[in-house]
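Working notes, beginning with the structure itself.
The values are calculated or read from the model by the stated rules, or taken from the named source; none is laboratory data. Everything quoted here is computed from the prediction, not taken from an experiment. Virtual Cβ from ideal backbone geometry, glycine too; neighbours counted across all protein chains shown. With ligands, DNA and RNA removed, areas are computed over all heavy atoms of the protein, side chains included. Shrake-Rupley method; radii C 1.70, N 1.55, O 1.52, S 1.80 Å.
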Amino acid sequence: SAAQNFRFTTPSTPTPLAIVTPLHAFHIQAAVYCCRKHGLQVRTRSGGHDFEGLSYTSSYKVPFAVIDLVNLRSVRVNVEKATAWVESGATVGELYDEIARKSKTLAFPAGICPTLGVGGHLSGGGYGLLFRKYGLGADNVIDARLIDVKGRILDKKSMGEDLFWAIRGGGGGSFGIVLAWKLKLVAVPATVTVFTVRKTLEQNATKLVHRWQSIAHKFPKEMYLSIAIARVNSNEDEEKMTIQASFTSMFLGSIEELIPLMEEKFPELGLVKEDCLEMSWAESNLYTFLYVLRSPSETLLNRNQKSSASMLFVGFGGKMDEILETEYPYPHRAGNLYTILYTVDWEEKENINSEKFMSWMRRVYNYMAPYVSKSPREAYINYRDLDIGTNKINNSKRSYAKARVWGVKYFKNNFNRLVKVKTIVDPQNFFRHEQSIPPLLLLRKRSDLKNHLSS
């Protein structure tokens with residue numbers, strides 16, 4: 001199973017009536033036809049990373065089938081044209097590995113976690129080490145092959161401008177099943193520089209985090225910047241706990257170029273050459289994944305981590321400030337200083353205490369409300385959160401109103417355009433789940449649709 005969240009592997013978790021693992025596109029077409037005929041919902045899984053498990057389970061307790069794209073994972077890189085075709089079932093790690101095998105100076109701007117499924121990741125946006133330089137993964141998709149509700153295989157030209165816009169960041173499971181994506185690869189130096197500097201509260205972490213918040217977005221585009229904040233054992237007293245901030249960066253350049261830059265922009269951190277490592281861009285993703293999302297006390301072989309809560313700040317700015325928020329469904333562009341990921345981890349055997357652990361994060365999330373974006377409080381569709389709202393189980397006249405509660409947080413004013421696309425391409429709402437884009441079911445005339453969405 002590709003399920004990444006063991007919170008949804010308990011006996012009480014709703015399971016599918018069938019799991020389809022297609023080897024060819026026509027297997028997906030047949031599965032869509034059969035599910036429509038027999039009234040089953042469809043959940044499409046590429047990597048199984050959905051935070052709420054919506055790619056492989058359902059909180060509605062309705063009959064459903066999973067179409068798992070695990071066998072559709074080819075990656076074809078064209079170095080001369082700096083493009084790649086990647087099937088949705090490939091992981092981000094497999095994509096990066098194939099690019100690195102073909103070229104040391106080409107890359108793709110997507111996430112750092114190697115087990116992310118390309119399909120779901122690109123459907124929601126996809127940011128990573130290169131997004132301040134080149135934008136999101138979805139921003140760099142130049143074609144796609146999609147199976148729609150009628151079973152047709154469409155490309156960019158045949159699906160049309162609006163649907164092609166919607167699938168590049170509008171969230172998975174709403175418009176169809178994307179078979180493959182054509183990507184625009186980007187240039188990187190053969191060697192990049194990474195570092196992680198850790199500071200506890202006793203080592204002035206509070207002031208350093210405060211300073212970082214006001215300057216991270218101003219760094220050159222060639223810099224990725226993040227802070228992981230977590231509880232650790234105190235250096236001064238191992239029986240005592242403290243808070244540690246891990247400052248991690250990747251720089252598209254050498255150590256010799258990075259040190260003067262840090263001395264100018266962020267001298268308070270005290271970065272020295274010994275803190276830095278040079279490596280390839282592909283290697284830097286693995287470094288950043290292992291050392292930002294893991295506490296220093298963990299080893300690479302330790303599979304039994306204790307329950308822990310953390311926050312990850314990722315600096316924005318750069319290219320993200322230059323892309324209009326309406327250009328793609330992902331709207332969180334200029335004006336955002338950084339994004340925050342709130343996570344809590346525990347062992348599978350601790351699922352019995354899951355509500356207690358979730359309550360930690362809910363309290364932290366609520367505590368942060370005065371300090372983050374407002375009206376709406378924005379959210380990232382790839383960090384799916386059913387706490388901010390869900391759709392009704394069945395199609396009804398209130399579907400749009402219910403969905404708008406969460407929709408504007410993920411998509412801001414782009415939500416209405418996504419609804420318009422959905423109403424045209426899937427008016428019966430076959431592709432749906434707890435946070436899928438709804439059609440306007442009761443407004444049949446295009447004039448009514450236009451008037452409603454503009455109001």
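Starting from the Cα-Cα distance between ILE153 and ARG377, subtract it from 0.36 nm times their residue separation and give me the gain in nm to one decimal.
Going from the current span to full extension adds 77.0 nm.
Top to bottom by accessible area (1.4 Å), largest first, where do ASP148, ASP387, ASP50 land?
Result, largest first: ASP387, ASP50, ASP148.
Evaluate E = 1/(1 + (r/R0)^6) for ALA30 and ARG404, where r is the Cβ-Cβ distance and R0 equals 35 Å; express this FRET efficiency to the nearest 0.05.
Using R0 = 35 Å, I get an efficiency of 0.50.
Calculated FRET efficiency, ASP97 and ASN71, Cβ-Cβ r, R0 22 Å, to nearest 0.05?
0.75
Rounded, prolate or oblate for the range 1-122? Axes are the square roots of the Cα gyration tensor eigenvalues, ordered a ≥ b ≥ c, and the cut-off for rounded is a/c under 1.5.
oblate
Could I have the simple spin-label model distance between ASN394 and LEU441, label points 7 Å from Cα toward Cβ, reported in nm to one decimal?
0.8 nm
With runs of 4+ DSSP H residues as the only contributors, calculate the mean residue ellipticity of the chain at 222 nm using -39,500 (n - 2.57) per run, divided by the residue total and rounded to the nearest 500.
Helix-only estimate at 222 nm: -8500 deg cm²/dmol.
Once semi-axes √(5λ) of the Cα gyration tensor in Å is worked out from the coordinates, which option in (1) 71, 25, 17; (2) 36, 25, 22; (3) 40, 23, 20 does it equal?
Recomputing semi-axes √(5λ) of the Cα gyration tensor in Å here gives the entry labelled (2).
Excluding residues on the same chain fewer than 8 positions from LYS37, give the lysines whose Cα lies under 30 Å from its Cα.
LYS61, LYS150, LYS156, LYS157, LYS392, LYS397, LYS402, LYS420, LYS422, LYS445
Give the residue from LEU40, LEU122, MET361 lying farthest towards the positive end of the charge dipole for the chain; charges sit on Cβ (+1 for Lys and Arg, -1 for Asp and Glu) and the dipole is referred to the Cα centre.
Farthest towards the positive pole: LEU40.
Under a crude label model (7 Å from the Cα following the beta-carbon direction), how far is VAL79 from MET241 in nanometres?
5.1 nm
Once R0 is set to 45 Å, what does the formula 1/(1 + (r/R0)^6) return for the Cβ-Cβ distance between LEU277 and LEU23, expressed as a FRET efficiency to the nearest 0.05?
Between LEU277 and LEU23 the formula returns 0.65.
How charged is the neighbourhood of LEU386? Take every other residue with its Cβ under 9 Å from the Cβ of LEU386, and add Lys/Arg as +1 and Asp/Glu as -1.
Local charge sum for LEU386: -3.
Counting only protein heavy atoms and a 1.4 Å probe, tell me what percentage of the chain's accessible area is made up of carbon and sulfur.
It is 52 percent, rounded to a whole number.
How big, in percent, is the set of alpha carbon pairs in the range 75-187 lying more than 16 Å apart?
54 percent
Using label points projected 7 Å from each Cα along Cα→Cβ, tell me how many nm separate ILE142 and LEU290, to one decimal.
If labels sit at ILE142 and LEU290, their model points lie 3.4 nm apart.
Please give the per residue accessible area of the range 75-187, computed with a probe of 1.4 Å over protein heavy atoms only, in Å².
Result: 33 Å² of accessible area for each residue.
How do the peptides 273-284, 353-364, 109-120 rank, highest first, by the average count of neighbouring beta carbon atoms within 10 Å per residue?
109-120, 273-284, 353-364
When the label point is put 7 Å from the Cα of LYS218 along its Cα-to-beta-carbon vector, which residues of the range 312-353 have a backbone N closer than 17 Å?
315-319, 321, 335-338
Where does each of TYR380, TYR371 land when they are ordered by accessible area, with a 1.4 Å probe and the largest first?
TYR371, TYR380
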